[in-house]
1. Scanning the range 312-349 for residues that are of a type in the set (S, T, Y) and outside any loop (DSSP other than H, G, I, E, B), which turns out nearest to S262 (Cα to Cα)?
2. For the range 290-346, which residues satisfy the criterion of being under 17 Å from P247 (Cα atoms) and hydroxyl-bearing (S, T, Y)?
3. Assess whether R47 counts as being open to solvent by 80 Å² or more (accessible area, probe 1.4 Å), modelled with pLDDT under 75 and either in contact with a Pro (Cβ under 6 Å, 6 or more places away or on another chain) or in a helix (DSSP H, G or I) (or both).
4. Take the residues in the range 278-311 that are closer than 15 Å to L341 by Cβ and assigned to a loop (DSSP other than H, G, I, E, B); name whichever of them is most open to solvent (accessible area, probe 1.4 Å).
5. Filter the range 226-262 down to the residues that are closer than 22 Å to L161 by Cβ, open to solvent by 40 Å² or more (accessible area, probe 1.4 Å) and outside any helix (DSSP H, G or I) and list them by number.
6. Would you mind telling me which numbered condition in (1) in a helix (DSSP H, G or I); (2) at pLDDT below 75; (3) within 23 Å of E2 (Cβ to Cβ); (4) in contact with a helix residue (DSSP H, G or I) (Cβ under 7 Å, 6 or more places away or on another chain) A137 fails?
Amino acid sequence: MEPLLQQLERFSEVLSVSRSKHVSTWGPETVRRALQWARYLRHVYRRFGSHGSIRAAVERRLRSRWGPEGPVRGLTSFQALRRGDVLLSVNLLRSPALGDAAGRALLQQLFPGAGPQDADAEALQARLARLARRRAALLLLREADGTRGASPAPLEDPVLLTQAQLLLGRLREAGEAEAGGPGGWLSRLWTRVPRDRFLQVTAVALLQPPEEELGRSGPETPGEDSPLLVRWLLERSEVLAAFCRLPAGLLTSVAGRHPALSRAYLGLLTDWGRRLCYDLQRGAWVGAESQDVPWEELFCRFQSLSQAPPPLKDEVRTVLESCKAQDGDFEVPGLSIWTDLLLALRSGA
């Protein structure tokens, strides 16, 4: 056991060096040995992954030696042995300090070209390819829109449509390769990209046509991963509240496609409406706090929903009538916000 623990400690140091300028001292043979070391640790993971006592001993040693973050985010757990080759490869590929000869040796090791390869090499290439595609998707999602001039409508914006299709594709891969599955990947993405843009992309992804409308089926069919997005939104109240502040027309389209989101959206609208109070001096419904949704926005959203095709249109009317009845079923303006909303919708004001 002790020799194995010492191997793990030394490889953690190698990972730390691979992220530093000291990697400039590495030659081709050092790169090859480091990659072989990482693949050996993958075998260790496979062999002892089901041995609880060994896993516990490894993790205790890593925590006691390096702390929870490892040496500059090296090996942090027994689970990390499984992806040590990926961590090392990515560190070296991103390092500007790696010498030319060492860089060529790295590429030859990672992508040897045509010919037979062992399963570990093929698995590493596949994981690196997935990382590259996710990185490309992340960069595209981070695209700044301020320099593009007047933006087209979301469903007519080719960049937004491309981002939505990328999101759905990466979401499918995240279910196979990411810790925490699709929900965990979406949560990490939420913290790393511009949130307004991410919410727009999510909305457009939710409007991608299902396979029966496209006349094809299979694992690459756009729109088939929409339930994953819906479930993630419904599980994250903060994200859902921000999502429901997107433009009214866009949200109406999403609500018409996804009943679960429609119910959640209507629930938030009624919650927002209940926070408004009637100001006698101003003759208007106002919020008690600055973050409250104003009357004008609330009316605009209900108006957009009431103009949707059935059954959404009917559902909106039912919700408003029910809230009005619970409020006392007043017909006089200024006593119930639901009465005033219904009157305003009837008059089109």
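1. T318
2. Those that are under 17 Å from P247 (Cα atoms) and hydroxyl-bearing (S, T, Y): S304, S306.
3. no
4. The selected residue is Q307.
5. Residues satisfying the conditions are R245, P247.
6. Answer for A137: the failing condition is (3).
The values are calculated or read from the model by the stated rules, or taken from the named source; none is laboratory data. Quick caveat, the model's predicted, so the values are computed rather than measured. A quick note on method: Cβ atoms are made from the backbone with ideal geometry, for glycine too, and the neighbour counts reach across all protein chains shown. Remember, those area values only see protein heavy atoms, side chains included, never the ligands or the DNA or RNA. Shrake-Rupley method; radii C 1.70, N 1.55, O 1.52, S 1.80 Å.
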